[in-house]
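Since every read-out is calculated from the coordinates, none of them should be taken as a lab result. Since the model is a prediction, treat every value here as computed from it, not as a measurement. A quick note on method: Cβ atoms are made from the backbone with ideal geometry, for glycine too, and the neighbour counts reach across all protein chains shown.
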């Protein structure tokens, strides 16, 4: 079954200044590496659609959407600061609506039987975005929009979220904590931004804080010992992935020690689980990853495993 590669030109137009690490070139790094490796020819390329307001309102507040509308810049070269790390330029809001819509394309195509897996190569990323607040480069929580869409429209009883970004997906946790239809498994460097997730959490959250310099082999072991038993017992009917590649040892935004083979191995475990309980259904979203070379190589390793190449 086909793997979808979903993106949109608007996602390149969002930028937050020449020195900002969350830059348009991140998408180029992934696409270039897909081309160079020959993988792109095996994927079904599709464009994201603009999410509807009702889609985003499942996980974000109406007041927040109105705030974004009111403060979106209109003049070229101008920015509005949503938080110290997150700015809007005149194209940002359209990019955010497209990024939020990418997962809807993936979910609907998979549920129609047109594909089994999808990778959404979109930005702004999403997993820090809270119901009423932008945070950590994120405007809308793209994965959460897709999860809520899947739960509401396809009568799914059990959905899993796996987040392997180096930073804790605090926004996603906030949106689904206590929802027994959702099991969220994540590891993240701690103590580290956003400085949460290591304390007492809801029973449907499986958080694994790890210290700086934890290597890929140790993270694989934690996934085998902690995540996989919980996920297997939960028997998800659909799996969503926040795929951050900033835990790579070459990424100087953090201090974990993953390499491409670790991302491939983790994805293979997710694919095997999906085959067993979820009819193979997976939608993955680009989150972090700021060393462009490491990002491109790691994302391709992840996509190859999703596509069984």
Once the principal axes of the Cα atoms of the chain are found, what is the range along each, listed largest first in whole angstroms? 51, 44, 41
Within the stretch 3-307, percent of DSSP bridges classed antiparallel, to nearest 5: 10
Using the number of other C-beta atoms within 10 angstrom as an exposure proxy, rank 172, 78 with the fewest first. 78, 172
Label point distance in nm, residue 37-residue 58, each placed 7 Å from Cα along Cα→Cβ: 3.0
Okay, helix-only estimate at 222 nm for the chain: each DSSP H run of n ≥ 4 adds -39500 (n - 2.57), divide by all residues, round to 500 deg cm²/dmol; what do you get? -11500 deg cm²/dmol
For the stretch 114-150 and the stretch 12-70, what is the separation of their Cα centres, given in Å? 9
Residue order, fewest to most beta carbons within 10 Å, for 213, 154: 213, 154
Using the Cα atoms as the points, what is the convex hull volume per residue of the stretch 213-309 in Å³? 82
Could you work out how far the C-alpha centroid of the stretch 197-239 sits from that of the stretch 268-305, in angstrom? 16
What order do you get for 82-88, 17-23 when each peptide is scored by the mean count of other beta carbon atoms within 10 Å, highest first? 82-88, 17-23
For q = 0.25 Å⁻¹, what log10 I(q)/I(0) does the stretch 120-217 give under the Debye formula with an equal point scatterer on each alpha carbon and no solvent? -1.41
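Can you give the convex hull volume per residue for the Cα atoms of the stretch 82-155, as a whole number of Å³?
Details: hull volume 6.3 nm³, N = 74.
It comes to 86 Å³ per residue, whole-number rounded.
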Can you sort 203, 224, 72 by how many other beta carbons sit within 10 Å, fewest first? 203, 224, 72
